[in-house]
Amino acid sequence: MRNEEKAQMCDATMFYLITFAHSIKKIYMKLLEGKVAIVTGASRGIGEAIALKLAEHGASIAFTYVSSDEKAKALEERLQGLGVNAKAYKSNAGVYAECEAMVNAAITEFGTIDVCVNNAGISKDNLLLRMTPEQWDDVMTTNLKSVFNMTKQVIKPMMKARKGSIINMSSIIGIRGNAGQSSYAASKAGIIGFTKSMAHEVSSRNIRCNAIAPGFVETDMTHYLKEGEASTAFLQKIPLGRFAKAEEVADTTLYLASDMSSYITGQVISVCGGLNI
Ligand SMILES: NC(=O)c1ccc[n+]([C@@H]2O[C@H](COP(=O)([O-])OP(=O)(O)OC[C@H]3O[C@@H](n4cnc5c(N)ncnc54)[C@H](OP(=O)(O)O)[C@@H]3O)[C@@H](O)[C@H]2O)c1
């Protein structure tokens, strides 16, 4: 064989090896190819990281927010840049009619809903003696009623398709409680009870429902914990000695959204650096 022919054969072999490697990567790395996911409260923080992670794994994304128009637009464009269909919806997760309209619009746009991540949440921390009924109601409505609002809508297409994964963002505070966070803790504990009940209710239709309980995650919600002496005290309580990155919560969400967790339902997974040992 001439040197020229040998070189041509070598090039062809390299080409096939690279193509083969890309195919393997595509098969194994994209866990949500062709799926449609809703993520509530994704204009910032954990929700944004989740939307990006699910899109990186091939899912089309319908996400909601309430006030951050520019951030939502920027995320929509970033998601589309990853090669998936993506749309932002200004929709208050605490208002039933808005959730109904949002899910209907998403079904019209995307055709179905395979995954719903109920992530939208707020905190209005105060000692109970100082907490107003309005503060209590705001937290319960945004954090807990929102999960009812969205789940009631998304289980319709999921029951029809006989598959689906619902992931609810609870918190370590919903498991352990915390002074000054009674409303937040109650809303997040409520999410756990709701999640387990839903798992009982819809498992026969192959719909899974799980919760994630993050510890302290670096987002706008916790920025005040990172300042001054309080931050050292917080860090000392965390066995892994650091706050979580939003991406680390997104990794667990990806796992629960994908078929990698096909036999897991009704569970609460703590992503808390060991706080819940
Ligand atoms: N950060 C933590 O340490 C931590 C720990 C445990 C659990 N969590 C939970 O994780 C979730 C996300 O927290 P985060 O730290 O990422 O919060 P964040 O940075 O404050 O972001 C909150 C997101 O929720 C959206 N949102 C707020 N109210 C909404 C409503 N009524 N309807 C729709 N969207 C709404 C916000 O939209 P706008 O931008 O439009 O306001 C924003 O996109 C929350 O459920 C939180 O309780 C957080």
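Laboratory data are not the source of any read-out in this text; all were calculated from the coordinates shown. On a predicted model such as this, the values are computed, not experimentally measured, just so you know. Virtual Cβ from ideal backbone geometry, glycine too; neighbours counted across all protein chains shown.
One table, with the values for the structure above:
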{"read-out": "Kirkwood hydrodynamic radius over Cα pairs of the chain, then Stokes diffusion coefficient at 25 °C and 0.890 mPa s, in µm²/s", "value": "124 µm²/s"}
{"read-out": "For Val115, net neighbour charge (Lys/Arg +1, Asp/Glu -1) across residues whose Cβ lies under 13 Å away", "value": "+1"}
{"read-out": "The chain, helix-only ellipticity at 222 nm - DSSP H runs n ≥ 4, -39,500 (n - 2.57), divided by all residues, nearest 500", "value": "-16000 deg cm²/dmol"}
